[in-house]
Amino acid sequence: MTPPKTAGTERLPRHVAIVMDGNGRWARKRLRPRSFGHHAGQKAVRGAIEFCLRRDIPALTLFAFSSENWQRPPDEVSALMELFLKALDREVDELHGYGVRIRFVGELSAFAPALAQRMQAAMDRTAANTRLHLNIAVNYGGRWDIAQAAARLARAVQAGEIAADAVDEHSLAPYLCLADEPAVDLFIRTGGEQRVSNFLLWQIAYAEIHFSPVLWPDFDAAAFDQALADYAGRERRFGKTSAQVAGGA
Ligand code: IPE
Ligand code: IPE
Ligand code: MG
C-alpha cells in the first residue's frame, strides 16, 4: 500500500528557476554601494537552496550573471567575480554534504582561469549527488543557449548522424542546457521587474511565472512560500481545455 501523500505534495514544482534581481536597489535604499547588495544577496541564495532541500524540490536553477551583465561598470563586475570565487571556496563542501549536485550553465570559457577551474572542480566533486540539482547560470543567455544547441546539432547533421530533414524540436532539445532536468515548472523573478531578461527561453515554454516585488536579499522562506502557493493555485492546461484537465484527459 502506498502511504497517503502529504497535502499539497502533488502541487509542488519539480524545477524552479529564479531571476535573482534587486540587489542594487536593496543597497541603494541603505545608501550603500551596489556590491553591498550583491554580498547581502548571497544569504538569500543559501536560503533558497535550503528551502528546496527542506521541501524536496529536486531542481533549482539560479540566474547569477547574464551575458549582458559584463556591460556593468568594471568594478561591479570584479566585485561579483570575487564573490563567486569566495562563495565557491566557502560553500561547496557543505552543499556536497547535503547531497547537492552543482552545475554551472553558460559560456564558462569567458571566466578567468582560476574561477573556471573552481567551477569545474565543484561540478566534478558533486556530480554524483542526487538530492538537489542546483544549476547556476553564469554568463548565460537564453539566445546563446539556443544558438549553441543549434550549432552542435548542425555538427551532428554534418557528420551524417541525423538528416537535416529530421531536425525538429525533439532533436534539438538534448543539446540545450538543462536537457536532463524536468521542464521548468515555476519561474520566479524577484525585484518587481516583469521581464525574462534573456534567461531561460526554450526551457520556460510552459512554466508558470511568478513576479515577486521582494528585492532579492529579502527573498526569504515566506516569499518563496508565497510563490509556491501562487503556483499551487494555477491550473496548468498545456493547451487543453479546463474541462479536459479536470477530467484527467
Ligand atoms: C541582480 O541584482 C544581481 C545581478 C544581476 C548580478 P541587480 O544588480 O540587477 O539589482 P538591481 O536590479 O539593480 O536592483
Ligand atoms: C537579470 O537581471 C540577470 C540576473 C539576475 C543575473 P538584470 O538586472 O541584469 O536584468 P535587466 O537588465 O534589468 O533586465
Ligand atoms: Mg537588476
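The values are calculated or read from the model by the stated rules, or taken from the named source; none is laboratory data. All of these numbers come straight from a predicted model, not from anything done at the bench. Because the Cβ atoms are built from the backbone with ideal geometry, glycine has one as well, and the counts that use them run over all protein chains shown. Side chains are part of the model used for accessible areas, which takes the heavy atoms of the whole protein and leaves out ligands, DNA and RNA. Shrake-Rupley method; radii C 1.70, N 1.55, O 1.52, S 1.80 Å.
Quick notes on this structure:
- Any hit, the stretch 103-112, residues being of a type in the set (G, A, S), surrounded by fewer than 16 Cβ atoms within 10 Å (Cβ to Cβ) and in contact with a helix residue (DSSP H, G or I) (Cβ under 6 Å, 6 or more places away or on another chain): no
- On the stretch given as the stretch 199-235, residues that are without any contact (Cβ under 8 Å) to a residue 24 or more places away in the chain and either in contact with a Cys (Cβ under 6 Å, 6 or more places away or on another chain) or more than 13 Å from ligand 2 (Cβ to nearest atom) (or both) total 10.
- Which numbered condition H39 fails, given (1) open to solvent by 40 Å² or more (accessible area, probe 1.4 Å); (2) more than 16 Å from ligand 2 (Cβ to nearest atom); (3) free of Cβ contacts under 8 Å to residues at least 60 places away in the same chain: (2)
- Selected residue [touching a strand residue (DSSP E or B) at 6+ places or on another chain (Cβ under 8 Å), of a type outside the set (S, T, Y) and more than 16 Å from ligand 3 (Cβ to nearest atom)] from A114, A64, A87, A110: A110
- Meets criteria (modelled with pLDDT of 95 or more, within 15 Å of ligand 1 (Cβ to nearest atom) and charged (D, E, K, R)) for D93: no
- Cβ separations smaller than 6 Å between residues 6+ apart or across chains give the following pairs from the stretch 175-198 residues that are on the phi > 0 side of the Ramachandran plot to residues that are in a loop (DSSP other than H, G, I, E, B) and open to solvent by 40 Å² or more (accessible area, probe 1.4 Å): G192/P213.
- Contacts under 9 angstrom Cβ, first residue in the stretch 56-79 being within 14 Å of P33 (Cβ to Cβ), partner part of a strand (DSSP E or B), 6 or more apart: V77/F65
- Flag for A116 being more than 16 Å from ligand 1 (Cβ to nearest atom) and exposed (fewer than 11 other Cβ atoms within 10 Å of the Cβ): no
- Identity of the residue in the stretch 205-232, over 13 Å from V16 (Cβ atoms) and acidic (D, E), that ends up most open to solvent (accessible area, probe 1.4 Å): D220
- The set of residues in the stretch 160-172 being assigned to a helix (DSSP H, G or I) and over 27 Å from the mean Cα position of the chain (by Cα) consists of A164, D165, A166.
- Of the candidates L200, L186, L172, the single residue that is more than 16 Å from ligand 1 (Cβ to nearest atom) and open to solvent by less than 20 Å² (accessible area, probe 1.4 Å) is L186.
- The sole residue among E91, E76 that is within 16 Å of ligand 2 (Cβ to nearest atom), surrounded by fewer than 18 Cβ atoms within 10 Å (Cβ to Cβ) and either more than 21 Å from G141 (Cα to Cα) or among the charged types (D, E, K, R) (or both) is E76.
- Considering the stretch 179-195, the residues that are within 15 Å of ligand 2 (Cβ to nearest atom) and in a loop (DSSP other than H, G, I, E, B) include one that is nearest to the chain's Cα centre (by Cα), namely T190.
- The condition (being under 19 Å from the mean Cα position of the chain (by Cα), in a helix (DSSP H, G or I) and closer than 23 Å to R195 by Cα) is satisfied by just one residue among A48, A64, A27, A87: A48.
- Condition check for N198 on (1) under 17 Å from the mean Cα position of the chain (by Cα); (2) more than 16 Å from D145 (Cα to Cα): one failure, at (2).
- Only one of the numbered conditions (1) within 24 Å of K86 (Cα to Cα); (2) part of a helix (DSSP H, G or I) is violated by V157, and that is (1).
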